[in-house]
Amino acid sequence: MKRVKLLIVLASLLLIVVLLIPTLLVIPFTDKVDGTLAEELRKQSISTEQEKPKGTTGPHVEVAVYRSKEKQIEHIPLEQYVIGVVAAEMPADFELEALKAQALAARTYIVKQMLNDQPISLPKGANVTDTVMHQVYYSDDELKRLWGADYNWKIKKITEAVQATEGQIVTYNNVPIEASFFSTSNGYTENSEAYWGNAFPYLKSVASPWDKDSPKFYNQTAMSVSEFEQKLGVTLPKDGSVGNLLGRTPGKRVEAVQINGKKLTGREVRERLGLKSTDFTWMRKGNEIIITTKGYGHGVGMSQYGANFMAKTGKTYDEIIKYYYRGVSISSATAFLNKLTAKK
């Protein structure tokens, strides 16, 4: 009987040992495995945060855009607005780095506009229009209609460019710049004071030789003598001449002309005649005035075609920005966006 009891006890002990062995084998590794997994998850979480575009955790800011066709104000999230501006202002088939530079300029422009809070010629409550008065903006529905079958690849590329610069603006002495841009130069950009009268240290003339390859570099237009006289408010001399050039700007554009005793600035001539640029020459042929221009736009700030050609040579968006805007820095927009949210 004692022998039977002993066998039962030994069998029970053996069963207990068998059951405990897996647990004993696992326990020394449990904390290590859990710790490794936790560390990997933590690393993945950090990696995911680091991969997020700059500014995604910043303050939520909306742009009040006056939609000119609908004649109403639409509130659009800042980054969505920038996408709509880049899509409207620069061809999607431009180089990605050029599109990034355009995104940076567009975001800087609107942030400064909202900080200044001077809505001249705007309906109450609007920050900007969707026209060339400020920056052209197209909604997603407008882009779908405009681009048709090309919508998917174009919006993907432009969104990538905007996200790559998210949370960034261009500053000079820690203040957002006047980030002006235009299509094509005449080979040089222009000093801001030569066109607008206001001097900015970062808006100075620089060479932009790449622009000569732009399809918008040359333009020629013709108008009747009577139309020319009417638009400029002049009477042409009887000797068949048109006018005398009085000087050129640092950007090699027409500073002023004199027509039969009347002086006009190059900008006045451009705007009254609807010319592509202030770098113009003209000649009279019978009853017509033939005008040839070089470049497209006011010429101040970043040349879009110049930016694209620079990108093709391997320049990055920050190199493009710092070439066309002299002495600037690329900075975080967060502090400025916080000021905007604090106003509300």
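When each of F182, F228 is tested for being over 24 Å from G327 (Cβ atoms), surrounded by 19 or more Cβ atoms within 10 Å (Cβ to Cβ) and not small (G, A, S), the lone residue that passes is F228.
Among residues that are in the same structural domain as G306 (by TED's automatic domain parsing) and either loosely packed, with under 14 Cβ neighbours inside 10 Å or over 18 Å from M310 (Cβ atoms) (or both), V242 is not included.
F228 passes all but one of (1) among the hydrophobic types (A, V, I, L, M, F, W, C); (2) part of a strand (DSSP E or B); (3) touching a Leu at 6+ places or on another chain (Cβ under 8 Å); which number fails? For F228, the failing item is (2).
Of the residues making up the range 288-344, those that are in contact with a helix residue (DSSP H, G or I) (Cβ under 9 Å, 6 or more places away or on another chain) and among the polar types (S, T, N, Q) are T293, S303, Q304, N308, T313, T316, S329.
Note on the range 247-290: residues that are without any contact (Cβ under 8 Å) to a residue 24 or more places away in the chain and either crowded, with 21+ Cβ neighbours inside 10 Å or touching a Gly at 6+ places or on another chain (Cβ under 7 Å) (or both) amount to 5. Total residues in the range 300-330 satisfying the condition of being over 10 Å from E95 (Cα atoms) and of a type in the set (A, V, I, L, M): the figure is 6. Within the range 248-265, the set of residues being under 12 Å from F280 (Cα atoms) and either outside the structural domain of T278 (by TED's automatic domain parsing) or small (G, A, S) (or both) comprises just one member, A256. Among all residues of the range 200-209, there is at least one that is part of a strand (DSSP E or B) and closer than 27 Å to A105 by Cα. T293 - would you say it is buried (at least 23 other Cβ atoms within 10 Å of the Cβ) and either part of a strand (DSSP E or B) or free of Cβ contacts under 8 Å to residues at least 24 places away in the same chain (or both)? When the stated conditions are applied, T293 passes them.
The values are calculated or read from the model by the stated rules, or taken from the named source; none is laboratory data. Quantities reported herein were computed from a predicted structural model and do not represent experimental measurements. No Cβ is skipped: glycine too gets one built from the backbone with ideal geometry, and neighbour counts run over all protein chains shown.
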